[in-house]
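Nothing in this text is a laboratory measurement; each read-out follows from the coordinates by a stated rule. All of these numbers come straight from a predicted model, not from anything done at the bench. Methodologically, a virtual Cβ is constructed for each residue, glycine included, from the backbone with ideal geometry; neighbour enumeration extends over all protein chains shown.
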Amino acid sequence: MTTTLFGQLFLLFLLLSISTRLWLTVRHARHVGAHRDQVPPAFAEHISLTDHQKAADYTRAKCSLAIWETLADGIFLLALTLGGVLNAIAITLQSVFGTGYLCGLALFAASGLISAIMSLPFSLYRTFVLEARFGFNQMTWRLWFADGVKGLALAIALGTPLLLCALWLMDAMGEHWWLYVWTVWLCFNLLMLAIYPSFIAPLFNKFTPLEDAALKERITTLLSRCGFASSGLFVMDGSRRSAHGNAYFTGMGKAKRIVFFDTLLKHLQGPEIEAVLAHELGHFHFRHVTKRIVVMAFVSLVLLRVLAWLMTQDWFYLGLGLQLGAGGTAMALLLFSLVLPVFLFPVAPLFAALSRRDEFQADAFAVTHASAADLTRALVKLYRDNAATLTPDPLYSLFHDSHPPASVRIGRIAQTANGQPLPAGQSA
């Protein structure tokens, strides 16, 4: 492949991904707006027109922000690559640090800093303007700053040794370095899954044991029915940052924890909480997390092998605006991480479809271990309280959404509860 051809191919994929994202986002906003003044009949008894309109306005506001973010991200990536910014940074850093590992670390740090600065206005607007306008933001400036400092400290403490190890392996292990890097990367991610509940999550949130005796007994009975062993039931102070509610389980082996947002416990009744947890346990029952880890491990192995080949091709660097040798091995890794999402954009609908399939399976599991009516009521309350639109654009949802549209999901739960056959190709 020639340098010019690869550069043109990258530009083509970038423009296609940007234009597709913009087109889908505009479609979504218009579709939601067109259905703003009427609650879907299936939800009319439970969600008021005021709440439905709030969800529509919230969705459209997020779409407007997403449009500007998409444009900014595209311009930023173009400037870094074909615009020569990354090349200039690499040459400058090499003149200061030489060509060793310190230069590689500085290159990633500079790229991360510039990216953080570029995304900062959008992050601040999302948190302190958009979320606040719709009554969701509970974050204070002090807490926002503290989260940022902790996140940066974690990134440095965990990312620096991992990056150094990867760069050393890429230099020292010959043509099969990608196998060693993959092994280290996989072990690191499994370690993070194991230690996250006990050591990382508490740095940002307070976790207290569930004190509601009746709810605790209800949940313990459910766990026994489902064969799920947990190290504890905890309540997280999610209300410190947002009014959105959720529940999840985290960790591996004996370190698995079940966590409820305090906002969730505030708005749902005991049977509804049980149904929501049954859904989360459905993910455990079908080993969705494990399967995703396996898939991502395989994908990462393939991608690292592709990188091992690309970094030996001059057109990979020249076609993206880099001089040969600028940034060394670190540049190959950084450049690959920057442009990879552009080329993988067409497969996004596949991963979204797999995620929606998992949600259907978890719902079906919940219906067999809890009340379908309680699960439906819980979901409707969550849609209402989180201002989730009930009328997404079908094509946008197909491409982006990891969860099924509300009407489809509720309808599937009713079908499963009534023992009706499911549509072809949509197994529970």
Rounded to the nearest 10 degrees, the helix 3-34 long axis (Cα) sits at an angle to the longest Cα principal axis of the chain of 20 degrees
Per DSSP loop assignment and a cutoff of at most 15 other beta carbons within 10 Å, the chain keeps its longest run without exposed GluC sites (Glu not before Pro) at 212-428
Links exceeding 27 Å between C-alpha atoms in this model, out of Lys150/Lys216; Lys54/Lys206; Lys62/Lys381; Lys150/Lys381, come to Lys150/Lys216; Lys54/Lys206; Lys150/Lys381
Rounded to the nearest whole number, the per residue volume of the convex hull around the C-alpha atoms of region 236-356 in Å³ is 177 Å³
FRET efficiency for Ile91 and Leu143 from the Cβ-Cβ distance with R0 = 35 Å, rounded to 0.05, comes out at 0.30
With the convex hull built on the alpha-carbon atoms of the chain, volume per residue in Å³ sits at 154 Å³
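Can you tell me the FRET efficiency between Cys187 and Ile114 if r is taken as the Cβ-Cβ distance and R0 is 22 Å, rounded to the nearest 0.05? Please list the in-between numbers first.
Working: r = 30 Å, r/R0 = 1.36.
With a Förster radius of 22 Å, E is 0.15.
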Most exposed first, judged by fewest Cβ atoms within 10 angstrom, Trp182, Trp141 run Trp141, Trp182
For the chain, the dipole about the Cα centre with charges only on Cβ (Lys and Arg +1, Asp and Glu -1), to the nearest 20 debye, works out at 340 debye
Going from the fewest other Cβ atoms within 10 Å to the most, one would list His267, His176 as His176, His267
Measuring from the longest principal axis of the C-alpha atoms of the chain, the long axis of helix 213-226 (C-alpha) lies at a number of degrees, nearest 10, equal to 70 degrees
Sorted largest first, the C-alpha extents of region 86-201 along its principal axes in whole angstrom are 55, 39, 19
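Which trypsin sites (Lys or Arg not before Pro) in region 191-278 pass both tests, a DSSP loop state and at most 13 other beta-carbon atoms within 10 Å?
Loop-located and lightly packed - Lys206.
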Length gained if Thr221 through Ala348 is fully extended, taking 0.36 nm per residue and subtracting the Cα-Cα distance, is 41.9 nm
Computed over the chain: longest principal axis from alpha-carbon atoms vs helix 49-80 long axis, angle to nearest 10 degrees, is 10 degrees
